[in-house]
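Below is one structure, written out as structure tokens, with a few remarks after it.
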Amino acid sequence: MKVKLIETIEEMRAFSKNAKSKNLSIGYVPTMGALHDGHVSLMKKAVEQNDIAVMTIFVNPIQFGPNEDYNKYPRTLEADLEKAEAAGISAVFFPSATELTANLYSYIDINELQNNLCGTKRPGHFRGVCTIVGKFFNIIQPDNAYFGKKDIQQLYIIKQMVKDLNFDVKIIPCDIVREDDGLAMSSRNRYLSESERKDALVLSQSLKKAVTLHQQGEKSSQVLINSIRQEIEKISSAKIDYVSIVNEQMQDVCTVENKNIIALAVYIGNTRLIDNHIIGETLCF
Ligand code: AMP
């Protein structure tokens with residue numbers, strides 16, 4: 001079926017109301033577009049598990065810092081619509097930044113969980129994410145919403161927001177999709193030059209090395225972090241933003257246990273990439 005492009009809040013609300021009146025369940029996938037197979041895996045899950053699947057494509061201005069890549073973020077609507085249609089998405093909501101964020105006085109701010117990792121490195125980022133995701137939940141009224149483990153802090157924050165504010169939606173976590181060589185798929189990978197693309201492998205490879213060390217019995221967080229830092233420091237185009245091991249409350253841990261998360265953010269040239277691994281889950285790269 002042809003995907004429907006929806007550009008106003010009013011039309012999106014009408015679409016969801018119509019689906020609800022027919023008792024159809026709605027699966028929802030929030031994205032910023034420039035879609036890749038990571039997004040496609042979320043879309044397919046939403047299509048499989050619901051009667052109707054809706055996706056948003058919105059490069060959210062209020063989640064970008066003043067010196068970040070809001071203006072140059074890739075915008076590829078035509079190609080995105082084709083991917084959405086191929087995955088079986090029923091409607092793509094593509095609102096204007098003006099309609100969604102102009103004259104906004106209310107924000108959703110989350111304590112504690114944002115005081116580490118990307119939350120401290122990107123001040124205001126999760127406030128921007130939560131506010132817009134909250135608005136989308138209210139507009140679309142999904143039964144299930146699909147979030148990638150690639151953005152692991154975002155996933156935990158959204159889960160907490162849903163619990164705290166009683167949004168009537170189930171959050172479904174989705175595994176990280178990687179390129180064949182291990183690089184986590186990201187819309188930002190297209191910024192990388194050929195040599196930077198090779199250098200970017202250091203994220204997944206250093207992560208893999210640390211996971212192997214842990215599997216061999218190393219439980220010290222600092223030892224694992226040092227091993228990752230040493231690998232990254234060998235690459236001249238790489239600059240570490242953070243390497244951390246945290247629990248589900250996003251607090252640093254000293255001793256690594258099941259469900260702890262090894263998380264890293266690294267600049268390769270000017271491109272900031274993130275990756276992570278949850279201890280105890282299968283490492284499939
Ligand atoms: P973005 O468009 O980057 O904001 O991402 C939209 C959603 O897709 C988020 O829930 C991301 O975590 C998820 N996502 C992005 N990249 C991947 C990936 N490589 N594997 C799985 N999910 C991903």
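The values are calculated or read from the model by the stated rules, or taken from the named source; none is laboratory data. Nothing here was measured: the structure is a model prediction, and the numbers come from that model. Cβ: placed from backbone, ideal geometry, glycine included. Neighbour counts: every protein chain shown. Surface areas here come from the heavy atoms of the whole protein model, side chains and all, with no ligands, DNA or RNA. Shrake-Rupley method; radii C 1.70, N 1.55, O 1.52, S 1.80 Å.
If the condition is being more than 18 Å from the chain's Cα centre (by Cα) and open to solvent by less than 30 Å² (accessible area, probe 1.4 Å), then the stretch 248-259 contributes 253, 256. Screening residue 166 with (1) at positive phi; (2) open to solvent by less than 10 Å² (accessible area, probe 1.4 Å) gives one miss only, at (2). Candidates in the stretch 177-213 are the residues that are farther than 24 Å from residue 41 by Cα, among the polar types (S, T, N, Q) and in contact (Cβ under 8 Å) with a residue 24 or more places away in the chain; of these, the one that is most open to solvent (accessible area, probe 1.4 Å) is 195.
Screening residue 228 against (1) surrounded by 20 or more Cβ atoms within 10 Å (Cβ to Cβ); (2) not in a helix (DSSP H, G or I) leaves a single unmet condition, (2). Given the condition in contact with a Phe, Trp or Tyr (Cβ under 8 Å, 6 or more places away or on another chain) and among the acidic types (Asp, Glu), answer yes or no: does some residue in the stretch 237-252 qualify? Yes, that holds for at least one residue.
Within the span defined as the stretch 38-52, one or more residues are open to solvent by 50 Å² or more (accessible area, probe 1.4 Å), assigned by TED's automatic domain parsing to the domain that holds residue 168 and in a loop (DSSP other than H, G, I, E, B).
Tell me which residues, restricted to the stretch 260-285, are charged (D, E, K, R) and open to solvent by 10 Å² or more (accessible area, probe 1.4 Å). Listed by number, the residues that qualify are 272, 281.
When the residues of the stretch 18-37 are filtered to those that are part of a helix (DSSP H, G or I) and free of Cβ contacts under 8 Å to residues at least 24 places away in the same chain, which remaining residue is farthest from the ligand (Cβ to nearest atom)? Ranking the qualifying residues of the stretch 18-37, first place goes to 21.
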